[in-house]
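Notes for the one structure printed next.
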Amino acid sequence: MKIGVMSDLHIPYHDFRSVEKAVSIISDFCADTLVLLGDVLDFYSISFWVRDPRRVDLRAELLEGIKFFDWLRSTLSDARIIYVEGNHEERLFRYLAKKAPEIVKLGVVTPESILRLNDFGIKYVSNKLLCREFGSPFSIGNVYFLHGHEVPVGFTSVNVARNVFLRTLANTVVGHFHRTQMYMHKSISGESYGCWSVGCLCRLNTEFSPINQWDRSVLLLSINNDNKIDYAGFVEV
């Protein structure tokens, strides 16, 4: 199985040239699965932080996101696409729970319905929900895919990949931190494990973090029939 991983687009604050390049790289890799590792949309307009009223509203954000999913599906027509919930997607649930709790209880107003994900054949997964119901997050083979906010590692942590691995003790891929890092660990029995932190695909200078160590990348993974990693590598975009 070949897997491409993209993270932290923060639509509509994405860098579209980088997104186009990332999807092209994943297509050339002949990936049969694409994992969108959270914060695909920013949901700035419903953040609990103080917002600039001159910025884009929720309707415009949603339309831009739907436009992206339509383009993505037409570009990767045969790929399985998995959308892992990030902390920015959680803004949508918090907003709905606060404004319309009775509607939320009906279970019909969901990220899948609002973003029309079923129309594009995109599966949406929440690791917090999976952990609550089944005890473990989303995985493919022996690799776990987290957005990154699910583990108690500070956003400004220096060695993100190592710190995440020390909390999962398993092959783990994360986004969230907007930095490309890899950490490898070999057990006493000779088994190798790793953690890969995928860079972002959004603008690199923002009002809340104008000076940072962010970078852009995609992760390419190949998993064999024994559900083990044959290859893992970053490509800068």
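Nothing in this text is a laboratory measurement; each read-out follows from the coordinates by a stated rule. Everything numeric in this text was worked out from a predicted model, so none of it was measured. Note that each Cβ is placed from the backbone with ideal geometry, even for glycine, and that neighbours are counted across all protein chains shown.
Which residue, Val143, Val125, Val108, tops the fluctuation ranking in a GNM of the chain built on C-alpha contacts under 10 Å? Result: Val108 has the largest fluctuation of those listed. Please work out whether the stretch 146-227 counts as rounded, prolate or oblate from its C-alpha gyration tensor, where a ≥ b ≥ c are the square roots of the eigenvalues and a/c under 1.5 means rounded, while otherwise a/b larger than b/c means prolate and anything else oblate? Verdict is prolate for the stretch 146-227.
Taking Cα centre as origin and charging only the Cβ of basic (Lys, Arg, +1) and acidic (Asp, Glu, -1) residues, the dipole magnitude of the stretch 1-110 rounds to 340 debye. On the basis of the beta-carbon distance and an R0 of 25 Å, Leu58 and Val125 show a calculated FRET efficiency of 0.65. Of all beta bridges that DSSP places with both ends in the stretch 2-236, some 50 percent have antiparallel geometry. Going from the fewest other Cβ atoms within 10 Å to the most, the residues Phe68, Phe177 appear in the order Phe68, Phe177.
A straight chain from Ser209 to Glu102 at 0.36 nm per residue would run longer than the Cα-Cα distance by 34.9 nm.
Using a Gaussian network model on the chain with a 10 Å cutoff between Cα atoms, which of Val109, Val173, Val160 fluctuates the most? Looking only at Val109, Val173, Val160, the largest GNM fluctuation is found for Val109. Give the label of the value calculated from the structure for Cα extents along the principal axes in Å, choosing from (i) 47, 42, 34; (ii) 54, 38, 37; (iii) 54, 50, 32. Computed from these coordinates, Cα extents along the principal axes in Å corresponds to label (ii).
Around Lys21, what is the net charge, scoring Lys/Arg as +1 and Asp/Glu as -1 over all other residues with Cβ under 14 Å from its Cβ? Charge balance in the 14 Å sphere: -3. Just checking the listed ones, Ser126, Ser18, Ser187: in the Gaussian network model of the chain with Cα springs under 10 Å, the one fluctuating most is Ser187. Under the criterion of Cα pairs below 8 Å and six or more residues apart, the relative contact order for the stretch 2-236 equals 22 percent. In the chain, helices alone account for a calculated mean residue ellipticity at 222 nm of -8500 deg cm²/dmol, with every DSSP H run of four or more residues adding -39,500 (n - 2.57).
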